[in-house]
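Inspection log for the structure reproduced underneath, given as structure tokens.
The values are calculated or read from the model by the stated rules, or taken from the named source; none is laboratory data. The model shown is predicted, which means the values in this text are computed figures rather than measured ones. Here the Cβ is made from the backbone with ideal geometry for all residues, glycine too, and neighbour counts use every protein chain on show. Ligands, DNA and RNA are excluded from the accessible area calculation, which covers all protein heavy atoms including side chains. Shrake-Rupley method; radii C 1.70, N 1.55, O 1.52, S 1.80 Å.
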Amino acid sequence: MAPLLQVEDLKTHFHLRDGVVKAVDGITFHVDKGETVGIVGESGSGKSITSLSIMRLVPEPGRIVHGRILFGANGQPKDVVKMTDEEIRDFRGSDVSMIFQDPMTSLNPVLRIGFQVREAMSAHDRFSDEQSKSRVVPLLKKVRIPGAADRTKAFPHQFSGGMRQRVMIAMGLSNEPSLLIADEPTTALDVTVQAQIIELLRDLNREMGTAIILITHNLAVVASICTRVIVMYAGRIVEEGYTRDIFKNPQHPYTWSLLRSMPRLDAARHSKLLTISGLPPDMSNPPPGCKFHPRCRFRVDRCLEEEPPLGEVGPNQFARCWVLMRNALVTQPEKAAAAEVPIPPLTAEPAQIDQRSEPDRPGAVKA
Amino acid sequence: MTRGTLLYIGQRTLLIVLTAFIVSSIVFIGVHQLPGNAFVGERRTSAASQQALLQHYGLDKPWPQQYGTWVTGVLTRGDLGESLKQRGQKITPLLLREARVSVSLGLFAMAFCIIFGMGLGILAAVKQNTWIDYVASFLATVGYSMPNFVTAFLLILLTVTGFYAWSGGNFYEDIGWGKLEQIPVPAIALGLLPMTLITRLTRASMLEVIRQDYVRTAWAKGLRSRVVIVRHALRNALIPVITVLGPITTGVITGSVVIEYLFGIPGLGKEFVSSIFQRDYNVVIAVFTFYAVLVGLANLAVDLVYPILDPRIRY
């Protein structure tokens with residue numbers, strides 16, 4: 001079965017006066033129907049630009065310069081990159097919806113909540129005017145807004161942040177899209193509200209079968225709802241695999257460092273929290289070779305010269321690291337890897353992790 | 001309209017009355033400090049007849065007393081007094097007649113500067129960094145740097161060859177004022193400067209709003225571009241533009257003083273200038289106070305438009 005969304009070698013570059021910023025540089029991934037995929041990375045890793053590229057909402061002077069974004073579960077998949085203005089308009093909010101980081105500023109302050117939800121439906125022909133009108137209150141109820149019927153006439157400033165994010169979700173789901181992109185939906189919210197929103201997303205995913213791409217830097221959020229994780233660094237995918245595998249057995253040094261820099265309740269007392277030294281690279285002048293090598297404590301000479309391809313480091317787990325490559329199952333040249341990235345079969349259970357490998361050390365690939 | 005709004009209007013109206021009182025007092029004091037009086041230099045008059053005139057109009061009395069008489073007249077009879085120059089001419093009907101001329105000119109100028117200013121500003125913002133934007137911004141900068149009397153002369157020069165002939169030369173006082181086709185040219189001369197101000201402001205405000213998250217949300221919903229621009233961006237972008245409409249009204253009023261003089265339009269502005277030169281005290285005070293009330297009302301109108309545009313504002 002063809003995936004719902006297939007992104008192939010996507011490159012989104014920003015042409016500035018003093019050079020090109022390759023915000024997203026050749027990423028390939030897919031999302032299946034009803035699946036929840038997390039994209040993780042630091043600020044500036046290109047995760048938001050990836051999601052905006054799927055919506056064709058990349059801000060100026062950014063441009064999708066290469067690649068395909070194939071969307072469509074049934075019948076012919078369409079390439080989002082090649083859609084006409086009218087096609088992309090009808091695609092946004094109807095086939096794929098997006099909710100954003102800051103609910104405080106994402107709703108129009110001068111329009112009523114109910115109107116903003118209804119408007120999302122009237123922009124597309126899935127529902128008649130009558131239906132759109134009558135769907136507003138049930139939608140607000142679905143995202144658990146208390147007293148939904150009385151609150152359609154309210155303005156955004158009369159809502160709290162969590163409530164506004166619920167309105168955004170209701171708006172996003174109003175046309176029953178098959179994919180919802182949530183770009184850091186909980187970052188601006190406090191922890192209890194975060195948990196509620198994540199729970200809501202998970203329930204909606206189960207009830208409505210809406211696939212979700214969850215973009216976040218919060219690994220706990222990923223662990224709680226995503227089936228698969230994509231780790232991005234400097235515009236590239238550095239590791240990809242099932243959540244369970246990645247959390248148990250991170251392969252790429254970056255993923256490993258990310259997981260180690262997360263406070264854990266089960267950690268040994270007084271153990272030091274790891275910080276990743278250095279800063280993410282300046283994307284207008286990225287380092288040669290592996291983009292992570294300046295911050296990597298496991299680097300070898302080859303890392304400084306040549307960029308590693310994304311290689312299979314375990315069953316359905318892929319990472320971009322030379323240190324792993326020595327043991328890795330494939331070491332294809334970059335281009336071949338991009339052209340035919342193996343799509344992990346959905347049904348396959350993540351294989352048994354080799355117990356001898358120490359889960360905390362990268363490069364601990366099964367023998 | 002809520003009770004709060006009515007209360008607010010009441011308060012503001014009281015403030016306007018108070019302002020009018022203060023303005024008229026200051027002008028009353030100021031105008032009497034000017035050297036000479038209304039009867040100096042009018043043909044050759046004997047000292048005795050001068051004295052008789054001053055006595056007739058009560059100008060020989062101490063000015064607090066004069067002011068008292070004037071205020072009583074205004075408050076009890078709505079009588080602004082009598083012109084000292086145009087003998088026997090009551091100021092109230094004079095003011096109303098001339099105000100009609102000025103207000104029609106002013107409204108035309110306001111409509112011109114709002115419609116074209118906003119239109120050009122929106123166009124420049126939506127087409128940012130294209131030739132449309134550059135042309136609009138260039139025009140706005142040129143227009144903004146040009147005093148209205150220069151604009152007026154250029155327009156006269158321009159229209160004398162074309163529009164003048166078309167309108168049958170109906171531009172000038174001696175032919176009379178009151179035909180509709182006479183209004184546009186002076187109105188443009190009057191409205192060009194505020195128009196460029198609105199253009200620049202609308203452009204800047206639109207550019208800021210277009211980058212807002214909620215406009216991105218609107219695009220992400222799949223709304224048509226016209227809906228995004230007008231309903232989501234423009235409505236928010238207008239709030240700061242509305243703010244300057246108050247000061248712009250003031251600008252149009254003061255601008256009309258020059259424009260009416262240059263075009264020979266028998267309005268309040270022209271009356272204002274000549275009354276000062278002629279020391280026609282009562283007319284000066286009346287026109288000045290009228291302007292003060294007009295500015296107050298314009299600002300009140302602007303403040304009443306706010307809550308319609310922005311639901312976060314309530315009175």
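Two decimals is fine: what's Rg over Rh for the stretch A:1-124, C-alpha atoms, Kirkwood radius as Rh?
With Rh from the inverse mean 1/r over Cα pairs, Rg/Rh is 0.98.
Describe numerically, in nm with one decimal, the distance between label points set 7 Å from Cα along Cα→Cβ at residue B:208 and at residue B:47.
In this crude spin-label approximation the distance works out to 6.6 nm.
Provide the per residue accessible area, probe 1.4 Å, for the stretch A:133-189, rounded to a whole number of square angstrom.
Result: 35 Å² of accessible area for each residue.
On average, how much accessible surface per residue is there in the stretch B:3-77, in Å², for a 1.4 Å probe, leaving out ligands, DNA and RNA?
Solvent-accessible surface per residue comes out at 68 Å².
Mind checking B:122-130 for the average number of partner chain beta-carbons within 10 Å of each residue's beta-carbon?
0
Would you kindly compute the Cα radius of gyration of the stretch A:103-176 and its largest Cα-Cα separation (Dmax), both in Å?
Gyration radius and largest Cα-Cα distance of the stretch A:103-176: 11.0, 31 Å.
Please give the helix B:47-56 orientation as an angle from the longest Cα principal axis of chain B, in degrees from 0 to 90, rounded to the nearest 10.
Taking Cα atoms only, the helix is inclined about 60 degrees.
Could you check how much of the accessible area of the protein assembly as shown is carbon and sulfur, as a whole percent, using a 1.4 Å probe?
Carbon and sulfur: 60 percent of the exposed surface of the protein assembly as shown.
What average number of partner chain Cβ atoms lie no more than 10 Å from the Cβ of the residues making up A:88-99?
Whole-number average of other-chain Cβ neighbours for A:88-99 is 3.
For the pair residue A:57 and residue B:297, what calculated FRET efficiency results from E = 1/(1 + (r/R0)^6), where r is the Cβ-Cβ distance and R0 = 56 Å, to the nearest 0.05?
0.80
For the stretch A:128-218, report the translational diffusion coefficient in µm²/s to the nearest whole number, using Stokes-Einstein at 25 °C, 0.890 mPa s, and a Kirkwood Rh over Cα pairs.
Translational diffusion coefficient: 179 µm²/s.
Compute the long axis of helix B:3-33 from its Cα atoms, compare it with the longest principal axis of the Cα atoms of chain B, and write down the angle in degrees, 0 to 90, nearest 10.
Helix B:3-33 sits at roughly 40 degrees to that axis.
Can you give me the three principal axis dimensions of the protein assembly as shown from its C-alpha atoms, in Å, biggest first?
Projected onto the principal axes, the Cα atoms of the protein assembly as shown cover 125, 55, 55 Å.
Tabulate in residue order the Karplus-calculated ³J(HN,Hα) for the stretch B:188-197, using 6.51 cos²θ - 1.76 cosθ + 1.60 with θ = phi - 60°, rounded to whole Hz; enter x for Gly and Pro.
5, 4, 6, x, 5, 5, x, 4, 5, 4
For peptide A:107-115, compute the average count of partner chain beta-carbon atoms within 10 Å of each residue's beta-carbon.
For this peptide, the per-residue mean of nearby foreign Cβ atoms is 5.
Hey, got the Cα dimensions of the stretch A:212-333 along the principal axes, in Å, largest first?
39, 30, 28
Ignoring ligands, DNA and RNA, how much accessible area is buried between chains B and A, both sides summed, with a 1.4 Å probe, to the nearest 100 Å²?
Separately minus together, B and A give about 2100 Å² buried.
Just list whichever of A:133/A:153; A:33/A:141; A:33/B:221; A:47/A:82; A:33/A:248 have alpha carbons separated by over 18 Å in the model shown.
Correct reply: A:33/A:141; A:33/B:221; A:47/A:82; A:33/A:248.
With every atom except the alpha carbons ignored, what do you get for Rg and Dmax of the stretch B:3-77, in angstroms?
18.0, 62
Can you tell me which aspartates and glutamates have their Cα less than 16 Å from the Cα of residue A:291? Leave out same-chain residues fewer than eight positions away.
Reachable aspartates and glutamates: A:25, A:42, A:239, A:282, A:301, A:305, A:306, A:307, A:334.
Using only the Cα atoms, what convex hull volume per residue in Å³ does the stretch B:188-315 have?
Spread over its residues, the Cα hull of the stretch B:188-315 gives 109 Å³ apiece.
Compute the helix-to-body angle for A:129-142: its Cα long axis versus the longest principal axis of chain A, expressed 0 to 90° and rounded to tens.
Compared with the principal axis, the helix lies near 60 degrees.
Using only DSSP helix segments of four residues or longer, with each worth -39500 (n - 2.57), what per-residue ellipticity at 222 nm results for chain A after dividing by its residue count and rounding to 500?
About -8500 deg cm²/dmol.
What translational D, rounded to a whole number of µm²/s, comes out for the stretch B:94-309 from Stokes-Einstein when the hydrodynamic radius is the Kirkwood one over Cα pairs, at 37 °C and 0.692 mPa s?
Value of D from the Cα-based Kirkwood radius: 175 µm²/s.
Each residue of the stretch A:100-111 in order: what ³J(HN,Hα) in whole Hz does its phi give by Karplus 6.51 cos²θ - 1.76 cosθ + 1.60, θ = phi - 60°, with x for Gly and Pro?
10, 5, 9, x, 5, 10, 8, 9, 5, x, 9, 10
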